[in-house]
Amino acid sequence: MRHLAQEAPLRALFPAVEPHEAPEATIVNTGGGVVGGDRYALDIEVEAGAALTVTTPAAEKIYRSAGEDAEIVTHLRCGADARLEWLPQETILFDGARLRRRIDIELAPSARFLGVETIFFGRRASGEWLSHGALRDAWMLRIDGKPVWADAIGLEGDIAAHRTAPFGIGDAAGYATIVVAGPTVAELLPLARDCAAGAASLVNGILLLRFLEDDASRLRLMLVEALTALRPLATGGRGGAPRLWMN
């Protein structure tokens, strides 16, 4: 490690891994969750030839807001021939939550990247749905400084009404996105389509998998199955999700 700076409530911990595995950084929110008005920022760089897996020990909880948005901004940079896996556990939006999240990714042409993000709309097991609040979730990915993929979702106000819209989310418990980039990523498209039941595509050399599922446990299982198949080929990582996902 060349440099580490951290400020409460975010901390980076480094659990032991097998000798052949990339180092693993675990981002811990010691505050226990995110509330309206909170501002979080992560800036992670993997230099040329290095490798890193980033994960979290539990789901991130976005609690009901009294009016202000919570903001989470993540910058990920990956140098030549480097490998970066961004594999946090899911983000849970409590009813009334307001979240603005942005993920900016900058890759060298020869870098390999695998990223996962999951949003759960409330806590169905507790009888709570996300019926009102706000979500703005945006990605931007650049290779060699050039934008190659951008994506955003915006929901605000009466979320229940968005569910019933013609292009709404219906009864989905949540959604997930897997993003894969690298020099040989096009070769993974047939496998990705098997993993995502066809909901996979190649956009400007970026492999995208989409998941929308009514059952939260099933959604999580689908992600683990996809990571089992894709990680070894995409980044050389161990098959399956990070071990902390299973604790």
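The values are calculated or read from the model by the stated rules, or taken from the named source; none is laboratory data. None of these values were measured; they are calculated from a predicted model. Note that each Cβ is placed from the backbone with ideal geometry, even for glycine, and that neighbours are counted across all protein chains shown. For the accessible areas, the whole protein counts, side chains as well, though only heavy atoms, and no ligand, DNA or RNA atoms are used. Shrake-Rupley method; radii C 1.70, N 1.55, O 1.52, S 1.80 Å.
The figures follow:
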| item | result |
| --- | --- |
| Residue that is surrounded by the fewest Cβ atoms within 10 Å (Cβ to Cβ) [pool: residues in the stretch 204-224 that are in contact (Cβ under 8 Å) with a residue 60 or more places away in the chain and of a type in the set (Gly, Ala, Ser)] | 205 |
| Qualifying positions in the stretch 133-144 - open to solvent by 60 Å² or more (accessible area, probe 1.4 Å) and over 18 Å from residue 35 (Cα atoms) | 142, 144 |
| Candidate set: the stretch 13-58, residues that are out of contact with any Asp or Glu (no Cβ under 7 Å at 6 or more places or on another chain) and polar (S, T, N, Q); chosen: the one nearest to residue 88 (Cα to Cα) | 56 |
| Residue list for the stretch 225-243, filter: touching a Gly at 6+ places or on another chain (Cβ under 7 Å), surrounded by 14 or more Cβ atoms within 10 Å (Cβ to Cβ) and of a type outside the set (Ser, Thr, Tyr) | 227, 231, 234 |
| Whichever residue in the stretch 112-131 is farther than 30 Å from residue 51 by Cα, part of a strand (DSSP E or B) and touching a Gly at 6+ places or on another chain (Cβ under 6 Å) and, among such residues, is modelled with the highest pLDDT | 121 |
| Top-ranked residue of the stretch 52-64 - restricted to ones that are closer than 18 Å to residue 96 by Cα and touching a strand residue (DSSP E or B) at 6+ places or on another chain (Cβ under 6 Å), ranked as surrounded by the fewest Cβ atoms within 10 Å (Cβ to Cβ) | 59 |
| Residue identified as open to solvent by 20 Å² or more (accessible area, probe 1.4 Å), free of Cβ contacts under 8 Å to residues at least 40 places away in the same chain and within 29 Å of residue 238 (Cα to Cα) among 67, 31, 37, 49 | 49 |
| Subset tally (residues that are in a strand (DSSP E or B) and either touching a Cys at 6+ places or on another chain (Cβ under 8 Å) or open to solvent by less than 10 Å² (accessible area, probe 1.4 Å) (or both)) for the stretch 170-199 | 7 |
| Selection from the stretch 201-225 of residues that are over 20 Å from residue 153 (Cβ atoms) and of a type outside the set (S, T, N, Q) | 202, 205, 215, 218, 221, 224, 225 |
| Residues that are under 19 Å from residue 238 (Cβ atoms), open to solvent by less than 60 Å² (accessible area, probe 1.4 Å) and outside any loop (DSSP other than H, G, I, E, B), drawn from the stretch 2-26 | 24, 25, 26 |
| Selection count where residues are in a loop (DSSP other than H, G, I, E, B), within 15 Å of the chain's Cα centre (by Cα) and under 30 Å from residue 110 (Cβ atoms), scope the stretch 48-75 | 1 |
| Residue match in the stretch 70-83 (condition: touching a residue at least 40 places away in the same chain (Cβ under 8 Å) and open to solvent by less than 50 Å² (accessible area, probe 1.4 Å)) | no |
| Unique match (being within 26 Å of residue 183 (Cα to Cα) and not acidic (Asp, Glu)) among 107, 99 | 107 |
